[in-house]
Amino acid sequence: MRTRIQVICGQPLPITGCPTTGAGLRAWSLGEGLKHHGFEVVYSVPKDVLEKVPNPSEDLEISAFDYHRLGDAVEKINPDVILTQGWLWANMLPDNLQVPLGVDLTGPYLLESLFSQVEDQTRMPFLKVQALQKADFVTCAGLYQKHYFLPWLLLAGHDLSHEVCHAIPMSLSPNMPMRMPPDEPVFLYSGIFLPWQDTSAVLRRLIIALDTYGRGRLLIIAGEHPTYTFPTGNMPGLVEELQQHPRVEFTDVIPFDDLVERTRSSTVCIDLMAHNTERELAFTTRTVVALWSGLPILYNNYSELSTYIRDYQAGWALNPDDTAKIDDTLNFIFEQPDQVRSYGKNAQRLVHECLNWERTIEPLVSFCRSPYKREQTGSHLDRMITPLDDRLWRSAIQLKNSSAYHALKGIKRRISG
């Protein structure tokens, strides 16, 4: 009998014909990588996310869960291993969980919440430490992130004299799309509007280049979060302005398969964003999708993926504030199409050699083949705070996971929406 893995994700997956997100793609990529190695994988998403999915599969309907009853979904699926996308879900699992638990720390959620302000910043660190206490095995999306998460794991009581966090970069299938080069340069900008992401500088320089050369197009595939009401930052205003340009085409977020089709028929992916700490730590999903589709990337020079792109000549790793270098690079793209195509071939070679889920997922495969429960010794915070403080914090966490809390939160969303 095959080992059954339950993958828990709070966002739509790219298997349902609806727009997905970076978190959904990450969970799916780990699940599909595990399938490739012979595991049975069951995906579980919240019921309110499933409601927005057109024609969900019977398997997804069976495994969907209420936020305050995630333990019921686990009991129904009866997995050998649980893998959560993000740490939030660990706090919704039963305290006496007997199933080995893997937690994938996809990105710096605390830093994201500093920009979005959708969570209580005072409580979040305590929630995070409590969640990490439950983890038996931990992964993250790269070495930069690993160094960020290690102190949190130390606070949660993990023994850092052993390997406690395994870097698995965002990866995709070894079977890559075939390129369909357009007749003129097509610059693709895609993604969800989020307050910590700002591509305005390079997009404005690109508009000038399109006017200068009198050819080429900017294709924008972007929009608000497909399932949650979420702050959008300044990009929607800029996109509305750019749509007035005759060489700009805009479409809202689209299903993953459609996105891949539009990506593989573009020329270059624009993913050069203003610097902030969240962007420095992010191992950006949309970038890997573009590389996998054979597009060279106009990217930053400050994150982990920048080194991959530079070493493989799979694009250009630039300072987002250096407008002269940005202009030179845009000129190169217009004037050296053969070289740009070679960069696209390098992009797929990079994915095949470094971001291929056959290879990168090995640490998680090893855990799932021989799963275990970690001996929990309590967190450093447990030893520092009084029993009364501890009871108060844990009561607050239980309240947040209760059905009453989520009912009130649902009413608030409907009113604000």
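The values are calculated or read from the model by the stated rules, or taken from the named source; none is laboratory data. It should be emphasised that the depicted structure is a prediction, and the values quoted were computed from it without experimental measurement. Backbone-built Cβ (ideal geometry, glycine too); neighbour counts: all protein chains shown.
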Just for the range 1-34: of the residues that are out of contact with any helix residue (DSSP H, G or I) (no Cβ under 7 Å at 6 or more places or on another chain) and part of a helix (DSSP H, G or I), which one is farthest from Leu50 (Cα to Cα)?
Gly31
Of all residues in the range 1-14 being surrounded by fewer than 23 Cβ atoms within 10 Å (Cβ to Cβ) and without any contact (Cβ under 8 Å) to a residue 60 or more places away in the chain, the one that is farthest from Ala290 (Cα to Cα):
Met1
Quick check on the range 244-292: of everything there that is acidic (Asp, Glu) and not in a helix (DSSP H, G or I), which residue is nearest to the chain's Cα centre (by Cα)?
Asp271
The residue from Leu114, Leu143 that alone is within 22 Å of Leu172 (Cα to Cα) and not hydroxyl-bearing (Ser, Thr, Tyr) is Leu143
For a quick check of your reading of the model, give me the residue pairs whose first member lies in the range 58-83 and is over 23 Å from Cys368 (Cβ atoms), whose second is of a type in the set (Lys, Arg), with beta-carbon atoms closer than 7 Å and at least 6 apart or on different chains.
Asp66/Lys47
Do any helices (runs of 4 or more DSSP H) lying entirely in the range 122-237 carry at least 1 residues that are touching a residue at least 24 places away in the same chain (Cβ under 8 Å), closer than 23 Å to Pro337 by Cα and not small (Gly, Ala, Ser), and which ones are they?
200-213
Tell me, which residue of the range 256-284 that is small (Gly, Ala, Ser) and under 23 Å from His147 (Cβ atoms) is surrounded by the most Cβ atoms within 10 Å (Cβ to Cβ)?
Ala282
Return a yes/no flag: does the range 147-163 have any residue that is crowded, with 18+ Cβ neighbours inside 10 Å, on the phi > 0 side of the Ramachandran plot and not assigned by TED's automatic domain parsing to the domain that holds Leu281.
yes
Answer yes or no: is there a residue in the range 298-310 that is over 25 Å from Ile15 (Cα atoms), of a type in the set (Gly, Ala, Ser) and in a loop (DSSP other than H, G, I, E, B).
yes
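Within the range 113-160, count every residue that is of a type in the set (Val, Ile, Thr) and under 24 Å from Glu362 (Cβ atoms). I'd like the intermediate steps shown before the answer.
Taking the range 113-160 and keeping what is of a type in the set (Val, Ile, Thr), we get 118, 122, 129, 138-139.
Still in the running and under 24 Å from Glu362 (Cβ atoms): 138-139.
Of the residues in that region, 2 qualify.
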Would you pick out the residues in the range 192-230 that are of a type in the set (Asp, Glu) and more than 26 Å from the chain's Cα centre (by Cα)?
Asp211
